1. How many residues does region B:246-268 contain that are surrounded by fewer than 17 Cβ atoms within 10 Å (Cβ to Cβ), touching a residue at least 24 places away in the same chain (Cβ under 8 Å) and outside any loop (DSSP other than H, G, I, E, B)?
2. Residues in region B:231-245 that are surrounded by fewer than 23 Cβ atoms within 10 Å (Cβ to Cβ) and in a loop (DSSP other than H, G, I, E, B): how many?
3. Sort through A:LEU161, A:LEU94 and tell me the only one that's surrounded by fewer than 23 Cβ atoms within 10 Å (Cβ to Cβ), of a type outside the set (Val, Ile, Thr) and part of a helix (DSSP H, G or I).
4. Need the failing condition index for B:PRO228 against (1) within 12 Å of another protein chain (Cβ to nearest Cβ); (2) not in a loop (DSSP other than H, G, I, E, B), just the number.
5. For B:GLY200, only one of the following conditions fails: (1) free of Cβ contacts under 8 Å to residues at least 60 places away in the same chain; (2) in contact with a strand residue (DSSP E or B) (Cβ under 7 Å, 6 or more places away or on another chain). What is its number?
6. Given the conditions (1) free of Cβ contacts under 8 Å to residues at least 12 places away in the same chain; (2) crowded, with 19+ Cβ neighbours inside 10 Å, and given that B:ILE133 satisfies all but one, which numbered condition is not satisfied?
7. Tell me which residues, restricted to region B:77-101, are without any contact (Cβ under 8 Å) to a residue 24 or more places away in the chain and not in a helix (DSSP H, G or I).
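Derivation of every value follows stated rules applied to the coordinates shown; laboratory data play no part. A quick note: this is a predicted structure, and the numbers were derived from the prediction, not measured. Reconstructed Cβ throughout: ideal geometry from the backbone, glycine too, with neighbour counts over all protein chains shown.
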Amino acid sequence: MRGYLCVANKPLMIAVWLIDILTAFGKPLVSPDALSIVPAAAWLKVSERVACEAMQDDYCLGRYGFTIDSDGTFVAGPSGEGRKAEGRIPQKELQQLGALIRQMPASASNEERRCNKGGLPGIKDQIDLTFASGSAVRIYDLGGSVGKICYIGRWDNVHRLHKYLHKLMTRYYPVPFPKSSPPGATPR
Amino acid sequence: MPKDSTPDRKIYSAHVDAIRIVPLFVADTVSRPTVEAAKAIPAAPPQLTYRDGPLLTAVEVFTIFWGKAWEQGPRSAFATQINQFFDFILTSPLIDQLAEYNVPGKKIGHGRHTGTLTITKPKLRHSVSDTAIQHMLQQEISSNPAVPQPTPNTLYFVYLPPGVRVVQGGSASCQAFCGYHNDISGQIFYASMPYPGCAGCLGGLTALDALTSTSSHELCEAITDAIPGQGWYDDANGEIGDICAWTTKKVGQYTVQLEWSNKANKCV
């Protein structure tokens, strides 16, 4: 009898199972990362800095650092000689950047730092997030430990932010870096 | 080709996960510097420290020119010039100056150029990954009798033809590097040298001078830090070549890069 019921209800069970799966997809995933998501206004600035291998510094994208403040102003540099390029990214890009930053953990204290093998020796690429509280978190660190990529939070979120920040850097960080600081940088 | 006389040599694990955090860079003037950032202001000049990894004390360079382009006309002559560069430079004062990085039981001396090979297979496309370079190298070592077996001193230099980018993990030649040296499982040491086809890798020099400069950069780094980060290394500034990148001098008729000297506290 019991076996019969199971067989008889099989289509119903499958339907319930499918509904459960679909419901789960529709829900936001609850994870430790999600618990540490910070409010939009909490970030102060985001910076990316790159070190290239055996390459001329002025041609290395991000060599002198690229910083975007939460109000959209950016600074490329300064170089060792104090050269820098400044400007402001459009509101739409700032909003997108803010949305990606909101997926980042607000502090490293409650987050595990994860490292994977990756990157070529001599190349570094690091992203630091500074919050209004004054705390700074290195959320992405390629090459800080030779041959490794380390990050804090969820990899897909970090990867998306890195990709977008790199895209902005490609757009606004001047290559080659200007020999003298222009009064105001214009987006390329 | 001399064989390894110490078959029971120490096996080094490649890239042991000793986490070394590069300090946060200094905050700009627009924003208030954080406590962390303020602590990160570089106060000391570069100072390489030795981390117990292997050194190439009598480096044996074997050059591999990968691609059909190296067999033809001017590129073939270019490859010859690169080989002549190694014939000369491995017994030159450039190697002598590395003696300051000797450690007990490891005395850096002259090296030699053990041979060269041009390969056309596997066929190259517009880009090649570091993984593919490693695979090619391992294949050639295992199947091609013309390629010497790796010893603790063997350093394979792999040259790529014009128009071929080297890519790995989101980094690409002419965008993030002009060459690099690496290891395979701490046993095979190699340098990957894309053809200098962009301003950032030419530095206003001729292609030959740019390539001898970057080759000398990787050569000196491989000798003193064969497994990157495990030989002579500075957490903030990298290897001896990194600190002095694109500052050059002439040794004989060849353009080479200056290298960092702990002793002189400058690039020499």
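1. Final tally of qualifying residues: 0.
2. 3
3. Working: A:LEU161 fails: surrounded by fewer than 23 Cβ atoms within 10 Å (Cβ to Cβ).
Every option except A:LEU94 fails the conditions.
4. (2)
5. Condition (2) is where B:GLY200 drops out.
6. Of the numbered conditions (1) free of Cβ contacts under 8 Å to residues at least 12 places away in the same chain; (2) crowded, with 19+ Cβ neighbours inside 10 Å, the odd one out for B:ILE133 is (1).
7. B:THR91 - this is the single residue of region B:77-101 that is without any contact (Cβ under 8 Å) to a residue 24 or more places away in the chain and not in a helix (DSSP H, G or I).
Yes/no per residue for (1) basic (Lys, Arg); (2) under 30 Å from B:GLU218 (Cβ atoms); (3) under 18 Å from the mean Cα position of the chain (by Cα):
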residue: A:GLN56; (1), (2), (3): no, yes, no
residue: A:ALA76; (1), (2), (3): no, yes, yes
residue: A:GLY82; (1), (2), (3): no, no, no
residue: A:ILE89; (1), (2), (3): no, no, yes
residue: A:MET104; (1), (2), (3): no, no, yes
residue: A:LEU120; (1), (2), (3): no, yes, no
residue: A:LYS124; (1), (2), (3): yes, yes, yes
residue: A:ASP128; (1), (2), (3): no, yes, yes
